[in-house]
Amino acid sequence: MRLADAPYVFRLPKSRLPAGCIQFTLYDKKGNILAERLSFNTRPLTYYQLSAQTEKQTYVPLEKVNMSLSLNDSIGNPVESSFSLSVRDAGTEIYTSYQDNILTDLLLSSDIKGYVANPMQYFEKDDRATRMKLDLLMMVQGWCRYDWQTMADVSPFRVKHYIEQALPINGKIMELLRNKSKAYADVIFWMNKDNASFHSHCKTDAGGRFYFMLPDSVKLEGKWQLSLSVTEKKKLKHCRIMLDRHFSPVPRSYSYPDLLVKDTVTVLSDEFEDSLKQSFVDEMQYLPQVIIKKQRIRKEISPEFVYDVEKDVNKLMDSGKNYPGTLGEYMENNIPHLRKDSADGPYQYAGKDIVYFFDIQKGSTRYPARGLPPEQMPIENIRQITLYDQYAQLWAVKKIKEEGIEAASPSDIDLPTVASLLHTPVIIMVHPYNDGLHDGYQKGIRHTFYDGYSQVKRFYHIDHSNSVPGDIDFRRTLYWNPEVKTDSQGKAQISFYNNTTCRRMKISAEGLSDSGIPIITKE
């Protein structure tokens, strides 16, 4: 009989564990974590490598390139699979410290925190030195990726994103004044875009939640207008209609390794040294001193700020929070350097007067024909606002007037009026909805938008078969294909045209085989 304080020893064969980061967690029946350790298993480590060969070592500008691709496993056997492939101009490549590929990201970088220098070094050898480096990396940069309190059923878990069988519309109905769910209420939705429209209805559950599945028979691409209503006893009910927007990854921002540009120089053959003069990070060219005799007035003007009012307001509505009721309230919450000299006075931006222009056609019965001050325009009627605060405002006013866009505050503005103001005014371009749905507030109805499937974009492959002397092409990416397929012999053929300057090509391949084995480029 084993003593209570005797250690419990068991063996776990590494050969049966997958390659990559493995988190070992010891917890009791209550979900309390007793011990935790992150480890890296180097075996079995399998990946496929792609190699490329061209008919010639170098190509002249705009010449057609025929490239042969070979995909093999670690012992040289051919592999039939598909992968994404890009071919770029190596001379214009910006080399940073970001060196991850699909292999290192899936098995290492995504499971630990912080920057990993040259992550491929941990996959090339299985010697003692590499294992020691990996052990130190796991201890220094390891982190808890999973919440074991939830996995042990100690903390409650609610599924946010179910397996997607079709595009959903789901959310929750809350009473307007009381923080209480609206159970068993009738919900109706209708969607329209161009000449297509459809609708459906359902009831909320006991927790006030509703769920629709959109039909596959409708081509749901791009942005649609979505309206929802809540009825009780066949009468519209004023409620908070909160939507769970379907999952969309947050745009990736630049990280430290992305911004750390390497101090490298691309070495070119002597044959092209004179014809291809490149500028690199460590090469500086000095121009003789010049005197500016005249400044050329810009033909275009860039806005200082662009505010997506529709997105901001809908985000507050979906979270059940209060949102600004007027344009003035929205500007107070979002635009910096905005102030009033008095409670009833007009807004100013950085001490400058504001001139409002409304992106609606002249003669329209919509705002500003109602006579309200611009700041009192209902926020539900506004889609976007743009703020201009540069020296070219007069040009913008002229352009706006020529296109027939209406202005307001303090009166119908013209060029002499604007020019006579003490300070060059700040222009705020207001873009109202022009769909007729947002003109007036309707009790119990919410008008919003719905993002359908993204439209498929194809890479534009340029054909230089009929090029003539003097044609130029400065593309940095020469070829891109999200799905290149190899045959049973692991072979594939691609062709594309060179640009004007490329003499050496950078090839990148990323993919996963049907069995989940990563595919990378053979260096």
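Laboratory data are not the source of any read-out in this text; all were calculated from the coordinates shown. Predicted model only: the values in this text are computed from it and were never measured. All Cβ positions, even for glycine, are placed from backbone atoms using ideal geometry, and neighbour counts span all protein chains on display.
Extending 7 Å from the Cα toward the beta-carbon at both S68 and S467 defines two label points whose distance is 2.4 nm.
Potential lengthening of the chain between N118 and T58 amounts to 18.7 nm, from the contour at 0.36 nm per residue minus the alpha-carbon distance.
Can you bin the range 54-107 into rounded, prolate or oblate? Criterion: square roots of the alpha carbon gyration tensor eigenvalues sorted a ≥ b ≥ c, rounded for a/c under 1.5, prolate for a/b above b/c, oblate for the rest.
Note, shape of the range 54-107 comes out oblate.
Per-residue Cβ neighbour counts within 10 Å put I163, I385, I379, I22 in the sequence I163, I22, I379, I385, beginning with the fewest. Along the range 56-71 the Karplus relation, 6.51 cos²θ - 1.76 cosθ + 1.60 evaluated at θ = phi - 60°, assigns HN-Hα couplings of 10, 6, 9, 10, 7, x, 6, 7, 6, 10, 10, 10, 9, 10, 10, 10 Hz to successive residues, with x for each Gly and Pro. In terms of the mean number of neighbouring beta-carbon atoms within 10 Å, the peptides 470-481, 326-337, 454-465 order highest first as 326-337, 470-481, 454-465. Sequentially through the range 490-499, phi angles give Karplus couplings (6.51, -1.76, 1.60; θ = phi - 60°) of x, 10, 8, 10, 10, 9, 7, 10, 6, 8 Hz, Gly and Pro residues having no value and appearing as x.
Would you mind ranking V159, V355 by Cβ crowding within 10 Å, fewest neighbours first?
In increasing order of surrounding Cβ atoms, one gets V159, V355.
Peptides 497-508, 91-102 ordered by packing proxy, namely the average of other Cβ atoms within 10 Å per residue, highest first: 497-508, 91-102.
Backbone geometry of the range 198-210 corresponds, through the Karplus equation with coefficients 6.51, -1.76 and 1.60 at θ = phi - 60°, to 3J(HN,Hα) couplings of 7, 8, 6, 8, 7, 10, 6, 7, 5, x, x, 8, 10 Hz, x marking Gly and Pro.
When Y450, Y162 are arranged by Cβ crowding within 10 Å, least crowded first, meaning fewest neighbours, the order is Y162, Y450.
Expressed in units of 2.2 N^0.38 Å, where N is the residue count, the Cα radius of gyration of the range 22-131 is 1.54. Dipole of the range 1-143 computed with +1 at Lys/Arg Cβ and -1 at Asp/Glu Cβ about the Cα centre; of Y122, S70, L38, farthest Cα towards the positive end is L38. Note on S197 and L177: with the Förster distance fixed at 56 Å, the Cβ-Cβ geometry gives a FRET efficiency of about 0.95. What whole number of Å gives the distance from the Cα centroid of the range 188-258 to the Cα centroid of the range 473-523? With the range 473-523 and the range 188-258 each reduced to a Cα centre, they are spaced 39 Å. Calculate the FRET efficiency for H337 and R43 from the Cβ-Cβ distance with a Förster distance of 51 Å, rounded to the nearest 0.05. Between H337 and R43 the formula returns 0.25.
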